[in-house]
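A quick write-up on the structure given underneath.
The values are calculated or read from the model by the stated rules, or taken from the named source; none is laboratory data. Keep in mind it's a predicted model, so treat the numbers as computed, not measured. Cβ placement follows ideal geometry from the backbone for every residue including glycine, while neighbour counts extend to all protein chains displayed.
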Amino acid sequence: MPLSSSALLLFGATGDLARRMLLPSLYALHEDGLIAADLRITGTARSELSDEAFREFASEALAEYLPEDRKDDTKIASFLERLQYQPLDASTVEGFDDLAAKLGDISGGLSIFLSTAPFLFEPTIKGLRSAGLTGDNVRIGLEKPLGNDLASSRVINDAVAGAFDESQIFRIDHYLGKETVQNLMALRFANMMFEPLWNANGIEHVQITVSETVGLEGRHGFYDDTGALRDMVQNHMLQLLALIAMEAPADFDATSVRDEKVKVLRSLRAVKPEEMVRGQYGSGAIAGEAVKSYDDDLGEASDTETFVALKAHVDNWRWQGVPFYLRTGKRMHERRSEIVIRFKCVPHNIFAERGGKLAANRLVIRLQPEEYVRLIVMAKEPGMDRDGVTLREVPLDLSLTQAFAKARRRIAYERLLLDLIDGDPTLFVRRDEVEAQWRWIDAIREVWAQEEMEPKHYGSGSWGPSAAVALTERNGVSWHE
Ligand code: BG6
């Protein structure tokens with residue numbers, strides 16, 4: 001693995017992501033001694049802050065977002081000493097020399113975390129280059145949104161590629177930093193029992209649900225320009241699909257894993273109009289609290305979707321004829337990220353004559369808020385069976401929270417920031433993956449435009465529009481709820 005960087009530069013250092021995720025994550029790495037004692041962290045953003053004011057800002061963020069049991073005054077004080085700040089208007093190259101001066105000697109390696117408005121990508125890269133901050137010992141982490149279609153993502157990727165080699169570019173999809181998402185690979189490739197069935201012979205269909213109860217969360221402009229398809233499906237859900245559908249990589253390394261994922265993404269079949277549902281939340285109630293409709297939250301009428309359901313197909317030998325049902329939405333019934341694999345029924349029911357009914361096995365992989373893997377199998381109800389055999393579904397449960405009760409649950413950015421600093425790109429998204437993702441998403445949006453497909457309304461607190469139920473029921477399949 002390449003050497004760890006000795007300096008970290010955070011763009012957008014006074015933004016929401018920094019406050020809620022990045023600073024608390026960096027503190028956790030500091031507290032656990034996972035980053036070198038001499039790693040300096042420089043924040044930059046437009047605001048005119050002094051080093052002292054930035055430390056104050058970070059200290060407030062930690063007070064607000066660190067769990068109580070992680071707050072250690074001495075360690076917080078030593079963490080804050082690592083921080084410094086340089087104001088910068090990234091739209092012009094002028095301030096970048098001062099930024100380089102503030103960073104000082106970067107011969108020990110520099111990692112940059114760039115989370116910025118899309119229009120600032122190009123000027124920022126230009127500025128970094130002009131100030132000598134793009135050499136071989138620099139790597140750059142890019143936070144989404146990286147464009148909003150294939151063409152605009154190419155513009156950003158080309159701009160970055162003009163200054164950095166692909167091996168230095170770390171595109172972030174925070175789902176890949178989640179422990180349970182990495183566990184998908186362990187489940188599939190560290191166990192013998194699933195893989196022989198993991199194909200069209202053994203599996204009837206796959207469901208991936210990422211439902212949220214939150215609404216706009218103050219991100220009005222961004223969300224309304226983006227919508228659920230581009231906010232969630234283009235990245236997180238397609239990465240989950242790729243991890244479920246990919247062939248076994250030869251090794252757990254960046255090239256092997258990403259080579260296999262990209263093959264899946266390139267095999268996605270274009271979605272037909274009848275295989276897609278767009279939705280937008282209306283008013284309703286979440287956990288007993290009344291909530292407003294999307295238009296009311298936004299303050300104007302909009303045709304942006306806050307819900308999408310799709311029937312996807314991976315056109316290769318392994319997955320021929322196996323639908324992947326995807327759905328995601330805001331203001332839904334509950335917060336849940338889950339993958340359900342429904343296996344085929346046994347070929348012959350030997351209990352039929354005695355009244356025994358069979359259901360197909362299911363593997364439920366709950367990523368959040370709980371973390372578990374549950375295999376639903378058939379079992380006979382205890383009894384003398386004078387009136388026939390009763391078979392019931394029972395769960396074989398592996399609760400990851402209990403099995404690894406002593407291991408601290410880390411947030412995704414802790415892992416991703418550490419991998420960026422250490423230079424391990426395995427859990428980052430390669431350019432060819434992003435482009436394959438966009439190609440598929442753009443084709444869906446073209447259908448929406450051609451068909452003038454308006455979002456269907458669903459009540460907040462529900463599981464989405466009724467058309468999403470019809471999407472699966474048509475094939476005799478129910479969503480796992
Ligand atoms: C982000 C989206 O990428 O993921 C948000 O922009 C969404 O709209 C979030 O809420 C969900 O992430 P998580 O980790 O809470 O499932």
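Here Leu268 meets the list (1) within 16 Å of the ligand (Cβ to nearest atom); (2) surrounded by 21 or more Cβ atoms within 10 Å (Cβ to Cβ) almost entirely, failing just condition (1).
From the list Ser293, Ser211, pick out the single residue that is among the small types (Gly, Ala, Ser), within 30 Å of Gly459 (Cβ to Cβ), in contact with a His (Cβ under 9 Å, 6 or more places away or on another chain) and within 15 Å of the ligand (Cβ to nearest atom).
None of the other options fit; the residue is Ser211.
Just a yes or no: is a residue in segment 317-328 within 16 Å of the ligand (Cβ to nearest atom), touching a strand residue (DSSP E or B) at 6+ places or on another chain (Cβ under 7 Å) and farther than 17 Å from Leu240 by Cβ?
Filtering segment 317-328 for residues within 16 Å of the ligand (Cβ to nearest atom) gives 326-328.
After this cut, where a residue has to be touching a strand residue (DSSP E or B) at 6+ places or on another chain (Cβ under 7 Å) as well, the list is 326-328.
Then keep just the ones that are farther than 17 Å from Leu240 by Cβ; that gives none.
The answer is no, given that none of the residues of segment 317-328 is within 16 Å of the ligand (Cβ to nearest atom), touching a strand residue (DSSP E or B) at 6+ places or on another chain (Cβ under 7 Å) and farther than 17 Å from Leu240 by Cβ.
For the condition more than 16 Å from the ligand (Cβ to nearest atom), modelled with pLDDT of 95 or more and of a type in the set (Gly, Ala, Ser), Gly141 does not qualify. Within segment 113-159, the set of residues being among the acidic types (Asp, Glu), part of a helix (DSSP H, G or I) and crowded, with 16+ Cβ neighbours inside 10 Å comprises Glu122 only.
Yes or no: segment 214-230 includes at least one residue that is more than 16 Å from the ligand (Cβ to nearest atom) and buried (at least 17 other Cβ atoms within 10 Å of the Cβ). The answer is no; no qualifying residue exists. Each residue in segment 8-58 was checked for being assigned to a strand (DSSP E or B) and either touching a Gly at 6+ places or on another chain (Cβ under 7 Å) or closer than 15 Å to Phe79 by Cβ (or both), and 7 of them qualify. Among the conditions (1) over 25 Å from the mean Cα position of the chain (by Cα); (2) at pLDDT 95 or above; (3) of a type outside the set (S, T, N, Q), the only one that Leu29 does not satisfy is (1). Within segment 69-107, the set of residues being within 30 Å of Arg409 (Cα to Cα) and in a loop (DSSP other than H, G, I, E, B) comprises Lys71, Asp72, Arg82.
Residue check: is Asp259 away from the ligand (no atom under 16 Å from the Cβ), more than 17 Å from Leu229 (Cα to Cα) and surrounded by fewer than 18 Cβ atoms within 10 Å (Cβ to Cβ)? Here the answer is yes, as Asp259 does meet what is asked. Look at segment 291-309: where a residue is under 16 Å from Arg219 (Cβ atoms) and a partner is among the β-branched types (Val, Ile, Thr), sitting 6+ places away or on another chain with Cβ atoms under 8 Å, you get Tyr294/Thr304; Tyr294/Thr306; Thr304/Thr226.
Filtering Arg335, Arg342 for residues that are away from the ligand (no atom under 16 Å from the Cβ) and touching an Asp or Glu at 6+ places or on another chain (Cβ under 6 Å) leaves a single hit, Arg342.
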